[in-house]
Ligand code: PMP
């Protein structure tokens, strides 16, 4: 067996299939322009750079370029340098990590929090370790849960039951059919990233209580954006005390990088003590840690950006509706526009970029099921009426 040749042949064939199905991913090179968000500079392959408006950034509040956040990163780089220099256990824990974990715990109203290299790592490490903790564990997972949650569940011995998206009658039926004696975890998101809809948290917690399950909530698309202090949907709905583990990212609403969990001290300490995805990897750099801390403090103290975000999301939806453009019934700042067909969806996004200087990400299989391809628009506080107007005009031409 010539392994190298076989592998090269396999990779080439697979990439060919992706291209043929319109699913090959090109990464557009986009340069964020601090102080001008959501304006970016696009660097087309072989062409001259051009300024564009980005409609698909996950830096939902523009905190990545907020003056206080940039300053905190600069100060930390000057004081402590670029990298953490070790895992959390091997010289990599600084007072900044401790301060950020304390801030996250307090924000979510939980006794403890733990940082990870990313939201993906947080989900994978926390779910894989908690779901292996007791014999015979079973996990109940919404069908739209993110790949990182699925990865964490699959790395555990827990039996997985999948309930139809936000269908609590189905969840209830699955719980009722399970052995009452087994330990159970209900895992879901709050704001779903590809739909923009929101889970009914109290109803899920009611079921958890009735069937003796604990709750694990991914608030990645909600932290910074919802609730009186921006802690997420659990805060907004007054449900935080009923959620056992809240998982979040520092990379979207907070605008920086990294992930975390917050919850009961013993659960968090257990994950800290056993999860490979925490133990064997380098701690977050000081620049990132300081910037995230500054961002969260700013978000907690000032609701103006999230208030403006809600208003801008409503304005975007109203403009789409008034112009007869299709959209999924989102309840959040994420506004998906259905453009079925991978080729068509990609072509529409390409035209928006090339002909109208608007960047909108096409979402294809396997991120969403085939036939439900879509453009994923994210409103931010900085998309003004003129930008919405340009977008609508372009969409009317290309869809
Ligand atoms: N959970 C959900 C629901 C996500 O959409 C994502 C990433 N897009 C993650 C977790 C992973 O977060 P991060 O980008 O910080 O790795």
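Tabulated data
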{"quantity": "Per-region count, segment 151-165, residues farther than 16 Å from residue 214 by Cβ and out of contact with any strand residue (DSSP E or B) (no Cβ under 7 Å at 6 or more places or on another chain)", "calculated": "5"}
{"quantity": "Segment 127-141 residues that are closer than 16 Å to residue 186 by Cβ and outside the structural domain of residue 212 (by the TED database), paired with ones that are modelled with pLDDT of 95 or more and surrounded by fewer than 24 Cβ atoms within 10 Å (Cβ to Cβ) (beta carbon under 7 Å, 6 or more apart)", "calculated": "none"}
{"quantity": "Selection count where residues are surrounded by fewer than 18 Cβ atoms within 10 Å (Cβ to Cβ) and within 28 Å of residue 263 (Cα to Cα), scope segment 69-108", "calculated": "15"}
{"quantity": "Criterion (touching a residue at least 24 places away in the same chain (Cβ under 8 Å) and more than 16 Å from the ligand (Cβ to nearest atom)) met by exactly one of 267, 278, 225", "calculated": "267"}
{"quantity": "Residue satisfying all of: in segment 34-43; touching a residue at least 60 places away in the same chain (Cβ under 8 Å) and assigned to a strand (DSSP E or B); surrounded by the fewest Cβ atoms within 10 Å (Cβ to Cβ) among these", "calculated": "42"}
{"quantity": "Segment 228-251, residues that are within 13 Å of the ligand (Cβ to nearest atom) and over 14 Å from residue 110 (Cβ atoms)", "calculated": "233, 249, 250, 251"}
{"quantity": "Given (1) without any contact (Cβ under 8 Å) to a residue 40 or more places away in the chain; (2) touching a helix residue (DSSP H, G or I) at 6+ places or on another chain (Cβ under 9 Å); (3) surrounded by 16 or more Cβ atoms within 10 Å (Cβ to Cβ), number of the condition residue 164 does not satisfy", "calculated": "(3)"}
{"quantity": "Scope segment 115-136; condition under 19 Å from the mean Cα position of the chain (by Cα) and either more than 23 Å from residue 266 (Cα to Cα) or more than 9 Å from the ligand (Cβ to nearest atom) (or both); matching residues", "calculated": "115, 124, 125, 126, 127, 128"}
{"quantity": "In segment 218-253, the residues that are under 21 Å from residue 185 (Cβ atoms) and surrounded by fewer than 23 Cβ atoms within 10 Å (Cβ to Cβ)", "calculated": "237, 239, 240, 241, 242, 244"}
{"quantity": "Number of the condition not met by residue 215 [criteria: (1) assigned to a strand (DSSP E or B); (2) closer than 28 Å to residue 337 by Cα]", "calculated": "(2)"}
{"quantity": "Conditions (1) out of contact with any strand residue (DSSP E or B) (no Cβ under 9 Å at 6 or more places or on another chain); (2) part of a helix (DSSP H, G or I); (3) in contact (Cβ under 8 Å) with a residue 40 or more places away in the chain: number failed by residue 365", "calculated": "(2)"}
{"quantity": "The listed residue being out of contact with any strand residue (DSSP E or B) (no Cβ under 6 Å at 6 or more places or on another chain) and either over 23 Å from residue 311 (Cβ atoms) or free of Cβ contacts under 8 Å to residues at least 40 places away in the same chain (or both), out of 64, 86", "calculated": "86"}
{"quantity": "Tally, over segment 58-68, of residues that are assigned to a helix (DSSP H, G or I) and crowded, with 18+ Cβ neighbours inside 10 Å", "calculated": "2"}
{"quantity": "Candidates 308, 297, 272 - the one that is assigned by the TED database to the domain that holds residue 390 and either buried (at least 24 other Cβ atoms within 10 Å of the Cβ) or modelled with pLDDT of 95 or more (or both)", "calculated": "308"}
{"quantity": "Residue check, residue 272 assigned to a helix (DSSP H, G or I) and out of contact with any strand residue (DSSP E or B) (no Cβ under 8 Å at 6 or more places or on another chain)", "calculated": "no"}
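Yes/no per residue for (1) closer than 24 Å to residue 388 by Cα; (2) within 16 Å of the ligand (Cβ to nearest atom); (3) not in a helix (DSSP H, G or I):
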site	(1), (2), (3)
45	no, no, yes
48	no, no, yes
53	yes, no, yes
56	yes, yes, yes
99	no, no, no
113	no, yes, yes
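The values are calculated or read from the model by the stated rules, or taken from the named source; none is laboratory data. Keep in mind that this is a model prediction, so the values were computed, not measured. Virtual Cβ from ideal backbone geometry, glycine too; neighbours counted across all protein chains shown.
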